[in-house]
Amino acid sequence: MSEVTQPNGPGVTQVQCVRGARVASVASAVPAQIVTNQDLEKRVDTTDQWIRERTGIEERRIAPPEFSAIDFAHEAAEKALARAQVSADQLDLIVVATLTPDHPFPATACLLQNKLGAKCGAFDLEAGCTGFIYALTTAAQFIQSGGCDTVLVVGVDLLSRITDWKDRTTCVLFGDGAGAAVMTACEPGDGLLAWDLGSDGAGGPLLMVPAGGSKLPITAEAVAEGKHYIAMNGREVFKFAVRIQGESAERALSRCGLTGADVDCFVPHQANLRIIDAAMKRLSIPREKVYVNVQRYGNTSGASIPIALDEAQDEGFVFPGATVVCCGFGAGLTWGSCVLRW
Ligand code: UT7
């Protein structure tokens with residue numbers, strides 16, 4: 001895989017914008033059903049101790065069969081709209097980041113538009129667990145250009161639906177949920193201060209669902225071989241993640257003239273406590289400024305950062321005026337970071 005060598009990439013453009021884009025509200029929705037490490041001990045050859053020591057995860061939420069991505073996306077979106085005091089008909093655009101849409105098509109964003117009663121454009125984007133950062137950054141471009149005033153951004157994933165519950169190397173890691181943010185215009189130089197997005201498709205095979213696309217359609221044979229489930233080289237993804245989160249966050253911070261010392265709250269992708277620790281150390285951000293809830297939800301993919309942001313705000317980690325840094329990594333391989341003035 002190639003090293004990242006673009007210290008001054010496209011994320012520099014914020015300073016040239018006529019107006020800024022800010023997160024006006026954030027909210028989340030998770031299934032009620034809790035699956036603990038002890039529950040998993042009964043299903044696969046694993047232990048609570050192994051899961052805690054290697055990942056920091058203690059429990060996760062799993063959606064019951066009658067629920068799908070749209071249900072959690074809708075709940076999170078309704079809450080975020082209410083908190084921002086924005087009605088659905090004021091939305092100019094809906095962007096949903098997901099790799100577990102309700103259907104291959106139509107887009108979950110369109111289902112959400114209908115369910116909310118919004119009258120605007122809507123599309124899904126897929127950037128693995130980095131999806132929410134890609135979606136938020138995309139939404140901001142529409143606002144900063146003057147094309148949209150109010151955009152709803154959702155990260156939703158039900159990874160339980162594409163997990164092989166007999167594979168101990170993956171099934172202990174993931175959980176289900178959704179998070180949503182309403183983004184609105186603000187003064188230039190406020191709100192989203194800088195961002196960094198990246199990808200390296202050479203690492204695509206390290207984390208993928210092999211079947212279900214045009215290369216390998218779902219067939220009885222593909223299903224019998226478990227090709228419709230997540231296949232991951234955990235060790236390689238781990239090495240990539242440990243390096244990339246800190247690098248990417250550092251790049252985004254430097255693009256707005258800040259360093260780790262300026263950060264009030266660091267909200268990383270909630271995949272693994274050891275990966276979070278590595279980013280925290282690289283940025284020299286003290287533990288008390290790092291928001292962590294991986295112990296309660298596991299890795300919820302595109303939902304992980306907005307769920308964490310919602311809880312970080314509830315618990316006072318994120319407050320008006322705070323400098324907040326989010327960063328993530330995932331399938332693609334992809335990575336991304338954003339620096340927000342809250
Ligand atoms: O959003 C992106 C999604 N992906 C990720 O975030 C994954 C990133 N990777 C990781 O978080 C870590 O690589 C894991 C948590 C997946 C694994 O931790 P590790 O320290 O890299 O363990 P390992 O893969 O090197 O496996 C160590 C041992 C192996 O046994 P042997 O070969 O040493 O005998 C595994 O078979 O642990 C074994 N193992 C388990 N043992 C008990 C793997 N999974 C389990 C398990 N319970 N659930």
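The values are calculated or read from the model by the stated rules, or taken from the named source; none is laboratory data. Given the structure is predicted, the values throughout are model-derived calculations rather than measurements. Ideal geometry is used to build each Cβ from the backbone, glycine not excepted, and the neighbour counts take in all protein chains shown. Only protein heavy atoms, including side chains, enter the accessible area calculation; ligands, DNA and RNA are left aside. Shrake-Rupley method; radii C 1.70, N 1.55, O 1.52, S 1.80 Å.
Here is how the numbers come out for the structure above:
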quantity	calculated
Residues that are touching a helix residue (DSSP H, G or I) at 6+ places or on another chain (Cβ under 8 Å) and over 22 Å from Ile162 (Cβ atoms), drawn from region 53-84	Gly56, Glu58, Ala77, Glu78, Leu81
Identity of the residue in region 156-188, within 15 Å of the ligand (Cβ to nearest atom) and of a type in the set (Ser, Thr, Tyr), that ends up surrounded by the most Cβ atoms within 10 Å (Cβ to Cβ)	Ser160
Considering residues of region 39-53 that are open to solvent by 60 Å² or more (accessible area, probe 1.4 Å) and among the charged types (D, E, K, R) only, the residue farthest from the ligand (Cβ to nearest atom)	Lys42
Hits in region 171-198 (condition: of a type outside the set (A, V, I, L, M) and within 15 Å of the chain's Cα centre (by Cα))	Phe174, Gly175, Asp176, Gly177, Gly179, Trp195, Asp196, Gly198
Top-ranked residue in region 212-255 [being among the acidic types (Asp, Glu) and surrounded by fewer than 17 Cβ atoms within 10 Å (Cβ to Cβ); ranked as farthest from the ligand (Cβ to nearest atom)]	Glu221
Residue within region 194-201 that is polar (S, T, N, Q), touching a Phe, Trp or Tyr at 6+ places or on another chain (Cβ under 9 Å) and over 24 Å from Asn37 (Cβ atoms) present	yes
Hey, Gln270 part of a helix (DSSP H, G or I), closer than 29 Å to Lys79 by Cβ and in contact with a helix residue (DSSP H, G or I) (Cβ under 9 Å, 6 or more places away or on another chain) or not	no
Test: residue in region 1-14 that is surrounded by fewer than 18 Cβ atoms within 10 Å (Cβ to Cβ), within 16 Å of the ligand (Cβ to nearest atom) and modelled with pLDDT under 95	yes
Any hit, region 189-202, residues being touching a residue at least 40 places away in the same chain (Cβ under 8 Å), open to solvent by less than 30 Å² (accessible area, probe 1.4 Å) and within 16 Å of the ligand (Cβ to nearest atom)	yes
Any hit, region 75-84, residues being in contact with a Ser or Thr (Cβ under 6 Å, 6 or more places away or on another chain), open to solvent by 40 Å² or more (accessible area, probe 1.4 Å), away from the ligand (no atom under 16 Å from the Cβ) and touching a residue at least 40 places away in the same chain (Cβ under 8 Å)	yes
Region 222-239, residues that are small (Gly, Ala, Ser) and not in a loop (DSSP other than H, G, I, E, B)	Ala222, Ala224, Ala231, Gly234
Filtered residues of region 289-309 (kept if assigned to a helix (DSSP H, G or I), open to solvent by less than 10 Å² (accessible area, probe 1.4 Å) and not polar (S, T, N, Q))	Val294, Gly302, Ala303, Ile305, Pro306, Ile307, Ala308, Leu309
Unmet requirement for Asn114, which otherwise passes all of (1) out of contact with any helix residue (DSSP H, G or I) (no Cβ under 9 Å at 6 or more places or on another chain); (2) at positive phi	(2)
